[in-house]
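Remarks on the structure that follows.
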Amino acid sequence: MATTKIWAVKSRLDHVLQYAENEEKTINAEWSKVDYQSMRDVMDYAMNDAKTEQQYYVSGWNCDPDTAREEMQMTKQQYGKEGGILAFHGYQSFKPGEVTPEEAHEIGMKLAQELWPDHQVIVATHLDKAHIHSHFVVNSVSLYGRKFNACKASYRQMREASDRLCREYGLSVITQPKKEPRPHYTEWAAEHAGEQTWRSIIREDMDAVIRQSMTMQQFYSGMRSKGYTFEQRGKNLRIKAKGMHRFVRLHSLGDGYTEWAIQRKILAHRYPSVEKKQKPEKHYVRVKGDFRLSKVTWNSLRALYFFYLRKLRAAKANPKQPYPFVLKEDMQKLDTISEQSKFLNRYKLDTAEQVTELKETLTQKLSELQAERTALNNERRRVNTTEVRKSEIEERLKELSKTGTQLRRDAKLCDAVLERSVVIAEKNRILREEAQVQRPAEKGRNGTRSGGRMYGR
């Protein structure tokens, strides 16, 4: 069984790892050092000695591995096609323990000869993982001047050729490839950094409700009590939390969160687990300065931030307590919201108009500061300026630079506060609505008998 993939190698500064120690020996005047280094990086990775046992499993098709970069460059120059995509980088990965290094490299060479007969190709088989895999570095321009067209058809041809070669060597072949939704990069990075995303928040709430449910009706009812809404669109069941702008499909949350997977989890346990209620802890908030909460109304920005931060800190202090989605969404932004709250207290800002006026004042000060900087720089460049005066100018420029940094930071905070205050006000409205819905339900549970239990989606 072998999996395959191929992608373009472009000249990107953020992909350059490190320039060679002696650039004079590697720079070619006809090819920029960024392009050259990009090609160098991918080849160095493919032909890594530690991964290929001293390059024993490195071969070239239509080129020599030792001079492959120069040969590929000459081919591009011959047809005037140095720009655009430099090369293509692909791989063929085998199931652990199914193939020997010699067989894997032999299959890789046959695959390269069949797919790219007129291109210069480096084939390097890596042995550093449990799954032996071969890397392919393919010149984007063929020996006859034609550019390789990487598209769905070419990738399908690569997969079909790989499967046929695997069958010839008696290896297994994937008959039904599993398709999984690919997460957005920002979401993937946040999860790998241990941060919460809105998808992980939904999954946590679903897991908690699944543990307490014995039927699917109880699951739907429990999710609704947390502020979630379900919608059936064709064959797909979709979910949305309060505060979200659109519905998302259940299967996009992962294989374990489809409707069928949820039903299996519920049927797997005979009794629901009841989470122990913890007594709410008391939290004391220390307020610095002359800020008096009693003198500030709910309509003011300082009070809006103050009470919202109190809710966030209480939720963070008791992670096991069930909290609304709109609060969980801002757990990772607690430091940012706290900084904005301190900014409001520092300038005693209670209305959006005051924030706007402060932004205009800061912008005016920045303009004056920039004018002074320009004048001082011009004076410093004059021939008749003494060394003593130049030293004074340097000190003043440092002060202006420090002041300018603070002014720009505060100006950005003005914009951030105006934007976030609208969001916090909307979330406070949602929290008040949820609290009003929960009060009658709690009243019914505390009474002698409540109405019949409702099931259904």
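The table below gives the values:
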quantity	calculated
Enumeration of residues in segment 215-262 that are assigned to a loop (DSSP other than H, G, I, E, B) and either touching a helix residue (DSSP H, G or I) at 6+ places or on another chain (Cβ under 6 Å) or of a type outside the set (Ser, Thr, Tyr) (or both)	Lys226, Gly227, Gly234, Lys235, Lys242, Gly243, Met244, His245, Arg246, Phe247, Gly254, Thr258
Of residues in segment 125-149 being touching a helix residue (DSSP H, G or I) at 6+ places or on another chain (Cβ under 7 Å) and of a type in the set (A, V, I, L, M, F, W, C), the one surrounded by the most Cβ atoms within 10 Å (Cβ to Cβ)	Val137
Residues of segment 354-399 satisfying the condition of being in contact with a helix residue (DSSP H, G or I) (Cβ under 9 Å, 6 or more places away or on another chain), more than 24 Å from Leu344 (Cα to Cα) and of a type outside the set (S, T, N, Q)	Glu372, Arg373, Leu376, Glu379, Arg380, Arg389, Lys390, Ile393, Glu394, Arg396, Leu397
Residue that is touching a strand residue (DSSP E or B) at 6+ places or on another chain (Cβ under 9 Å), farther than 23 Å from Asp330 by Cβ, in contact (Cβ under 8 Å) with a residue 40 or more places away in the chain and open to solvent by less than 20 Å² (accessible area, probe 1.4 Å), where the choices are Tyr228, Tyr220	Tyr220
Some residue of segment 401-415 being under 30 Å from Ile201 (Cα atoms) and either at pLDDT below 90 or open to solvent by 50 Å² or more (accessible area, probe 1.4 Å) (or both)	yes
Among residues of segment 86-120, those that are open to solvent by 30 Å² or more (accessible area, probe 1.4 Å) and within 15 Å of Ser142 (Cα to Cα), counted	4
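Here's the yes/no breakdown for (1) farther than 21 Å from Leu267 by Cα; (2) touching a Cys at 6+ places or on another chain (Cβ under 8 Å); (3) modelled with pLDDT of 80 or more; (4) surrounded by 15 or more Cβ atoms within 10 Å (Cβ to Cβ):
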{"residue": "Lys152", "(1), (2), (3), (4)": "yes, no, yes, no"}
{"residue": "Glu160", "(1), (2), (3), (4)": "yes, no, yes, no"}
{"residue": "Glu180", "(1), (2), (3), (4)": "yes, no, no, no"}
{"residue": "Ser213", "(1), (2), (3), (4)": "no, no, yes, yes"}
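The values are calculated or read from the model by the stated rules, or taken from the named source; none is laboratory data. Note that the structure is predicted; figures quoted are calculated from it, not measured. Neighbour counts run over all protein chains shown; Cβ positions are idealised from the backbone, glycine included. Ligands, DNA and RNA are excluded from the accessible area calculation, which covers all protein heavy atoms including side chains. Shrake-Rupley method; radii C 1.70, N 1.55, O 1.52, S 1.80 Å.
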